[in-house]
Amino acid sequence: MRSYDAIVVGAGPAGSVSALRLARDGASVLLLDRAVFPRDKPCGGGLTYRAIRELPVSVDPVVEDVVDRFEFGLRYCHRFERRGASTIILMTQRKRLDAFLAERAAEAGAEFRDGAKVTAVGEDGTVRVGDETLRAEVVVGADGVNGITTRSLGLEQGYRYGVALEGNVPYRHTRPDRYRGRAVVELGVVPGGYGWVFAKGDHVNVGVGGWESEGPRLRSHLARLCAAHEIREEAVESLRGYRLPLRRREDALVRGRVMLAGDAAGLVDPLSGDGMYEAFVSARLASSAALDLLAGRTDSFASYADRLNAELASHAAASWAAKRALDRFPRVVYGVARIPTVWRFADALLRGELRSPSEARRTTKAPLKVVKALGKLDERLAA
Ligand SMILES: Cc1cc2nc3c(=O)[nH]c(=O)nc-3n(C[C@H](O)[C@H](O)[C@H](O)COP(=O)(O)OP(=O)(O)OC[C@H]3O[C@@H](n4cnc5c(N)ncnc54)[C@H](O)[C@@H]3O)c2cc1C
């Protein structure tokens with residue numbers, strides 16, 4: 001049986017960055033993905049600057065647009081724009097980003113096998129690929145929302161799910177200058193989510209996402225988004241839908257020699273639907289826990305979940321509250337977002353200047369408390 005220090009299942013952002021970090025520190029690493037690369041993944045492809053700060057390599061070669069402004073709309077009627085203190089988001093395409101990161105992992109020494117579907121993962125570190133069984137001291141399950149690791153280990157206990165639908169509109173069908181340099185976010189148009197228009201090199205990405213129950217209505221939500229932006233529906237190419245996994249704090253992330261990272265761990269932000277920042281944070285913490293175990297500094301991954309909760313849980317709790325508040329009281333939340341100090345706070349969070357909402361300045365705390373209270377009110381009304 002072939003064995004490695006670490007096997008990483010899935011070569012998305014969480015898997016490739018885990019493999020890269022492990023290989024750079026001298027571990028023997030096998031990175032497996034069922035898809036043949038380059039492959040695409042349904043995604044808006046927006047890398048917030050706080051996600052960029054988490055990356056151990058520059059992604060400049062695959063950046064297609066640089067965003068320093070947000071344009072917020074409410075129900076396609078009212079709108080306002082806010083500029084960030086510097087770059088807020090780098091726009092890429094997942095087909096390019098994921099292939100680039102997998103190549104960097106291979107360059108660092110990881111063995112990358114694409115077209116290799118994992119069919120079972122054992123808590124003893126065994127991984128089944130086709131008719132081969134492999135073994136590792138450590139397994140990182142980074143195989144996304146539909147992966148095999150969580151199912152193999154019975155770790156998919158209590159996730160809730162969002163859904164999103166996105167597609168691309170070539171620039172010849174729209175107005176590039178309207179969208180370059182800014183992220184357009186439409187609020188109050190999809191229950192449990194929002195619509196977006198993001199600029200890329202030669203097209204815009206349009207999308208809508210919301211509660212899982214909105215699945216059957218996503219096409220009509222997207223049609224309304226297109227109409228509001230004077231985009232013909234027939235101009236939308238490569239339309240794809242996908243699930244967004246939302247973890248509860250108590251959901252387990254470890255079983256035996258296996259840790260979950262990224263979407264496999266249900267780490268998508270409930271409010272924004274972003275998951276790449278969380279994928280990179282979990283990759284950093286999982287690889288650090290793995291290296292500790294390989295070096296004999298610890299004999300279990302017990303601290304991984306605590307460290308992940310310490311970095312992400314307060315943000316996730318604030319996002320849940322804001323999501324609920326936005327859902328029931330979109331006008332109020334839109335009004336709060338217009339307050340200059342609130343925008344400066346959101347800008348600092350997205351750029352990674354602030355690590356947690358608890359670091360908000362005193363002047364921002366009052367409006368944030370209103371949003372939190374509205375979120376609680378929604379919870380009570382829904383119960
Ligand atoms: C429509 C939409 C828009 C989004 N927009 C954004 C955005 O703009 N910004 C942002 O930060 N986040 C966004 N997200 C979320 C983001 O896409 C995910 O959080 C992110 O892809 C998670 O990365 P990951 O590495 O955990 O999983 P994935 O990217 O899903 O990668 C998992 C990998 O595992 C592989 N795999 C699965 N099963 C197996 C198996 N059995 N064997 C081997 N390999 C396997 C898959 O082929 C895949 O390559 C969006 C999500 C959706 C659905």
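Read the figures in this text as sums done on the coordinates, not as results from a lab. Note that the structure is a prediction, hence the values are computed from the model and not measured. Cβ: placed from backbone, ideal geometry, glycine included. Neighbour counts: every protein chain shown.
A few comments on the model shown:
- Between Ser86 and Arg172, residue separation times 0.36 nm minus the direct Cα-Cα distance comes to 28.0 nm.
- Top of Ala142, Ala35, Ala199 by mean-square fluctuation, Gaussian network on the chain, Cα under 10 Å: Ala35
- Additional length obtainable on full extension of the chain from Ala383 to Arg53, 0.36 nm per residue less Cα span: 114.9 nm
- Per-selection metrics, the chain (Cα): Rg and Dmax in Å: 20.5, 62
- Order by protection proxy (mean Cβ within 10 Å, highest first), peptides 282-294, 100-112: 282-294, 100-112
- Converting the Cα gyration tensor eigenvalues of the stretch 313-382 into ellipsoid dimensions via √(5λ) gives semi-axes, longest first, of 20, 13, 10 Å.
- If R0 is taken as 35 Å, the Cβ-Cβ distance between Asp292 and Val66 corresponds to a FRET efficiency of 0.40.
- Cα gyration tensor shape for the stretch 259-356, rounded if a/c is under 1.5, else prolate or oblate: prolate
- FRET efficiency estimate (nearest 0.05) - Cβ-Cβ, Ser303 to Thr133, R0 35 angstrom: 0.75
- For the stretch 94-194, fraction of C-alpha pairs farther apart than 20 Å, in %: 63
- Note on Lys372: lysines with a C-alpha under 20 Å away, same-chain residues under 8 apart excluded, are Lys323.
- In the stretch 1-148, taking the dipole from charged Cβ atoms about the Cα centre, the farthest positive-side position among Val63, Phe100, Gly122 is held by Val63.
- Result for the chain in a Gaussian network model with C-alpha springs under 10 Å: among Asp251, Asp131, Asp65, the largest mean-square fluctuation is at Asp131.
- Applying 1/(1 + (r/R0)^6) with r as the Cβ-Cβ distance of Ala366 and Ser213 and R0 = 22 angstrom yields a FRET efficiency of 0.10.
- Most simply put, the chain has about 70% antiparallel DSSP beta bridges, counting only bridges with both residues inside it.
- Additional length obtainable on full extension of the chain from Ala252 to Asp202, 0.36 nm per residue less Cα span: 13.8 nm
- Protection proxy ranking, peptides 92-98, 375-381, average beta carbon neighbours within 10 Å, highest first: 92-98, 375-381
- Euclidean distance between Cα centres, the stretch 5-59 to the stretch 322-367, Å: 30
- Helical mean residue ellipticity (222 nm; -39500 (n - 2.57) per DSSP H run of 4+; nearest 500) of the chain: -11500 deg cm²/dmol
- For the chain, modelled as a GNM whose springs connect Cα atoms under 10 angstrom apart, the maximal fluctuation among Val332, Val140, Val127 occurs at Val332.
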